[in-house]
Amino acid sequence: MSELQVIDQKYIPRVKLSNGESIPAMGLGTFGSDKYGADIVSEAVYGAIKEGYRFIDCAAVYQNEDKIGGVLKKIFAETDIKREDLFIVSKVWNDMHRRVKEACLKSLKDLGLSKLDLYFVHWPFPNYHAPGCDGDSRNPDSKPFSVEEFMDTWRQMEELVEEGYVRYIGMSNMTVKKLEAVYGLCRIKPSFLEMECHPAFQQPELFEYAKSLDIVPVGFCPIGSPSRPERDRTSDDIAATEMDVIKEIAKAHNVHPALICLKWAVQRGVIPIPFSVKEPQYHSNLECITTDPLTEEEMESIKKADKDCRLIKGQVFLWQGATDWRELWK
Ligand SMILES: NC(=O)c1ccc[n+]([C@@H]2O[C@H](COP(=O)([O-])OP(=O)(O)OC[C@H]3O[C@@H](n4cnc5c(N)ncnc54)[C@H](OP(=O)(O)O)[C@@H]3O)[C@@H](O)[C@H]2O)c1
C-alpha cells in the first residue's frame, strides 16, 4: 500500500500502483466552488506545490486551467521541480463527449503541458449545464446513461493514450452497475475512479469493486465539501466534520476534524484530493497524513458510522421528466 519516500526534505507518502509506479497518496483539488476565483485557486496551487503537493486535480469546467498553467510554468522556471515530478489530472466536460481530443488539447494548451498524467470522463452523461447554473435548471437535450454513448466517449479516451497525449485514463461519478456495464468493453481499462468519498458517504461497494478491478479510487469532497455551491446543498446533508465519531477522534488526536477525514481516506486506500486556498489548511492537510495515524479501532468506528449521504447529487444532469436525482445513480 502506501510507502514513504523523501521529496524536498519532506516525507510525502506515495502509493504504489500495480505496474510499480508510485504516485502521491494525496492531491490538491482545484474546484473553487463558485466561491474562489481562478487567481486565488492558482495561487494556492503554487503555494501547495512548493509545500510538497505533487498531484493536482484539474478540470476544464473549473475554468482555471489557464491560470494553473501559468503557475506550473513559474514552478518549472523558479524551482528544481520538473514536469515528471508532478502528477497532473484533467477531465473532459459533459458537452465535449463527442469531441474528446479537442477538449484534451485545450486543457493541455491551457495547462502548458504536452501530456497529462491522468484524464477522466468527468460525468458518465453527455448532459451539459452551464457552470454556475442553479440546481433546478434542466437541459432539454439531457439523456439517461447509455452504454453505447459512454463507450463512444471511452474509445476517444483510449485514442488519447495511444496517441501519447495522456498516460492513464479514468472514470468519475460512476456506480457499480455502470462500471460493470462498460468495464468488459474497454480496450484500455480505467486505472483510476474519481468518486465522492468522505466518512458520511463511504461508497463501500463501489470502493471494493474498483479495488477488485485494480482501479485506484480518488476521493473527491474528502472533507465533506463545506464550501460547496448552494445548488449542491439540501437540508438532509450530513457534514463529515460534524459527525460525533469524527469529532471524538479529532479531540483524541488534538486536530481539526477535517484532518481525521484525510487520515482515514489515505489509510483506507483512497487518494483524497482536498481543496483549500488557505496556506495553514493545505499545509496541515498534507502534513497530517505523515504523522499520528488512526488506530485500527478508530478506522473501524468510522467505517461503522457511514451515513450513505451523497452530497454531490448531480440533479442538474437529470433529463426532462425525471425528478429524483437518485435516477442518476442507478
Ligand atoms: N469528479 C468530480 O465530479 C468532482 C466533484 C467535486 C469535487 N471534485 C474535486 O475534489 C476536490 C475537493 O472537493 P471539494 O473542494 O468539493 O471539497 P473538500 O475538499 O471536501 O472541502 C474543501 C473545503 O474544506 C475546507 N477545508 C479544507 N481544509 C481544511 C482544514 N484543514 N480545516 C478546516 N477546513 C478545511 C475549506 O473550506 P473554506 O474554504 O470555507 O475554509 C475548503 O474550501 C475539488 O476541488 C475538485 O478538484 C471532483
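Read the figures in this text as sums done on the coordinates, not as results from a lab. For clarity, every value in this text was computed on a predicted model and none was experimentally measured. Using ideal geometry, Cβ is built from the backbone for each residue, glycine included, and neighbour counts are taken over all protein chains shown.
Size check on region 1-158: the Cα extents along the three principal axes, sorted descending, read 53, 36, 26 Å. If you wrap the Cα atoms of region 99-252 in a convex hull and average its projected area over all directions, you get 11.4 nm².
Grouping the Cα pair distances of region 228-330 into 5 Å bins from zero gives a pair-distance distribution of 2, 11, 19, 20, 17, 13, 9, 6, 2, 1, 0 percent in increasing distance order. In the elastic network of the chain, a GNM with C-alpha springs shorter than 10 Å, the most mobile of Cys197, Cys58, Cys309 is Cys309.
The calculated FRET efficiency for Lys101 paired with Asp136, based on their beta-carbon distance and R0 = 51 Å, is about 0.95.
Sparsely packed loop sites in region 42-93 (the trypsin sites (Lys or Arg not before Pro) outside DSSP H, G, I, E and B with at most 14 other Cβ atoms within 10 Å) comprise Lys82. With Cα atoms defining each centre, region 166-242 and region 29-68 are spaced 20 Å apart in the structure. Here is the list for region 196-267: trypsin sites (Lys or Arg not before Pro) lying in DSSP coil, each with at most 16 other C-beta atoms within 10 angstrom of its C-beta, are Arg233. Spin-label model, Ser235 to Glu149: label points 7 Å out along the Cα-to-beta-carbon direction sit 3.3 nm apart.
Using the crude model of +1 on Lys and Arg Cβ and -1 on Asp and Glu Cβ, and no other charge, please compute the dipole size for the chain relative to its Cα centre, in debye to 20.
Computed charge dipole of the chain: roughly 420 debye.
Loop only per DSSP, at most 10 neighbouring Cβ atoms within 10 Å: give me the GluC sites (Glu not before Pro) in region 91-200, ordered by residue number. Display every interim value, and only then the final one.
Numbers: sites: Glu102, Glu148, Glu149, Glu158, Glu159, Glu162, Glu163, Glu180, Glu194, Glu196; in loops: Glu163.
Of the GluC sites (Glu not before Pro), the ones in loops of region 91-200 whose Cβ has at most 10 other Cβ atoms within 10 Å are Glu163.
For the options Thr30, Thr79, Thr290, a Gaussian network treatment of the chain with springs between C-alpha atoms closer than 10 Å singles out Thr79 as fluctuating the most. The aspartates and glutamates within cross-link reach of Lys73, meaning a Cα-to-Cα straight distance under 14 Å and a gap of 8 or more places when in the same chain, are Glu43, Glu65, Glu84, Asp85, Asp110. Per the Debye calculation on region 41-110 with a single equal scatterer at every Cα and no solvent contribution, log₁₀ I(q)/I(0) for q = 0.15, 0.28 Å⁻¹ amounts to -0.48, -1.33. Across the options Gln63, Leu193, Thr323, the greatest Cα extent toward the positive end of the charge dipole of the chain (unit charges at beta carbon of Lys, Arg, Asp, Glu) belongs to Gln63. Here region 102-143 is treated as a Stokes sphere of Kirkwood radius computed over C-alpha pairs; at 37 °C and 0.692 mPa s its diffusion coefficient rounds to 258 µm²/s. In this simple spin-label approximation, Glu163 and Asp292 carry label points 7 Å from Cα along the Cα→Cβ vector, and these lie 5.0 nm apart. Note on region 2-324: Rg/Rh from C-alpha atoms, Kirkwood Rh, equals 0.94. In this structure, the residue pairs whose Cα-Cα separation is over 21 Å, taken from Lys211/Lys263; Lys143/Lys211; Lys106/Lys177, are Lys143/Lys211; Lys106/Lys177.
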